Amino acid sequence: MPPNPQRPASGQLFSYPLRDHINLRHPLVKLADTIDWERIHVVCSESFVSKKGRPAVSPRLIAGLLYLQYAFGLSDEDVVWGWVENPYWQVFTGEQYLQTDPPIDPSSLTRWRKRLGEAGVEELLSVTLDTAIRNGQLKERSLQTVIVDTTVMEKAVAHPTDSGLLEYSRRHLVKAAQEFGIELRQNYNREAPRLVRQIGRYAHARQYKRMCKTLRTLKSRVGRIWRDIARQIENVSDASRVKLDDILARTKHLLEQKPKDKLYAFHTPEVECISKGKSRNPYEFGVKVSVTSTLKEGFFMHGFYPYGR
């Protein structure tokens, strides 16, 4: 359902509007009056509005929180609770009266970012550039000469080890089998974690022959589960097979991977091991990022995150 129109609540009928209590020359108030919120509403309406369920959250609220979050370098929790305490932030996101409760749960910001996607974020960035041009902070001729740089965006992944990735994939295979009604001959819920702990002990003691032998045992156990599910995948409906095929494909990659084509994170297969040449941190696990900015003003114009190799 589309967002409900803003109306004062029963306790706010005789309250003064929030703009009557603040300094209208504050930079955030001026910026809120300059941004084309109607354009943001049109862009985000397809992602935010559903045909069923309760009314959607205002696109201006989500876009405003995302702007504030990246402007002040805050986490999801900090930006939501800062919104409750700061009346200027509430005006920036379109509130007319002072609010004392959080507008959304902080954890939902992650889902809103996924709904926006790359196209939605690019549109928010273009709105930012148009606002800067209207305010005179960015000149159109500055867009003709830009700086392009490449860096590494680290991913929040655990340090990749073969034993850890195999155990992670085994748990996902067993969980998927239970979800889709596939009966496994054996799930190795007791043996596989014991093998992972034993591999860690052998590695710590530098007993690499024993470690490799135990790792091969763990890989054979995961391969049995993978083959057991692959034989019964025809019994799964086509609508649910996409998720299961993805898990099977990633597990097969783990079982057959080569040193130059490794999977470093099961849930984010685009992660690569990139050498940065730093003495304190010679390798980083993430993806390459291409950043484009203007030469004089330093406005961020575009970011490209290439997936895969």
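The values are calculated or read from the model by the stated rules, or taken from the named source; none is laboratory data. Every value quoted in this text rests on a predicted model; they were computed, and no experiment measured them. Positions of Cβ are generated from backbone atoms using ideal geometry, with glycine treated the same way; all protein chains shown enter the neighbour counts. In case anyone asks, the SASA skips ligands and DNA or RNA and just uses the protein heavy atoms, side chains included. Shrake-Rupley method; radii C 1.70, N 1.55, O 1.52, S 1.80 Å.
Things to note:
- One residue stands out among those in the stretch 157-208 that are among the aliphatic types (A, V, I, L, M) and open to solvent by 50 Å² or more (accessible area, probe 1.4 Å): the one that is modelled with the highest pLDDT, which is A205.
- Applying the criterion of being open to solvent by 50 Å² or more (accessible area, probe 1.4 Å) and of a type in the set (A, V, I, L, M) to the residues of the stretch 111-132, the residue that is nearest to A63 (Cα to Cα) is V121.
Listed here are the residues, each with its yes/no results for (1) assigned to a helix (DSSP H, G or I); (2) at pLDDT below 90; (3) crowded, with 16+ Cβ neighbours inside 10 Å.
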site: D20; (1), (2), (3): yes, yes, no
site: P55; (1), (2), (3): no, yes, no
site: R60; (1), (2), (3): yes, yes, yes
site: A63; (1), (2), (3): yes, yes, yes
site: E77; (1), (2), (3): yes, no, no
site: V80; (1), (2), (3): yes, no, yes
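- Residue within the stretch 214-224 that is of a type in the set (A, V, I, L, M, F, W, C) and surrounded by fewer than 14 Cβ atoms within 10 Å (Cβ to Cβ) present: no
- Hits in the stretch 136-156 - residues which are without any contact (Cβ under 8 Å) to a residue 40 or more places away in the chain and surrounded by 17 or more Cβ atoms within 10 Å (Cβ to Cβ): none
- Test: residue in the stretch 273-282 that is modelled with pLDDT of 85 or more, under 25 Å from H172 (Cα atoms) and not hydroxyl-bearing (S, T, Y): yes
A quick yes/no check of all residues on (1) under 30 Å from E122 (Cα atoms); (2) under 28 Å from the mean Cα position of the chain (by Cα):
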| residue | (1), (2) |
| --- | --- |
| I225 | no, no |
| D228 | no, no |
| S240 | no, yes |
| D246 | yes, yes |
| D261 | no, yes |
| K276 | yes, yes |
| N281 | no, yes |
| G286 | yes, yes |
| L295 | yes, no |
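- Residues within the stretch 89-110 that are open to solvent by 50 Å² or more (accessible area, probe 1.4 Å), under 22 Å from the mean Cα position of the chain (by Cα) and either polar (S, T, N, Q) or modelled with pLDDT under 85 (or both), tallied: 2
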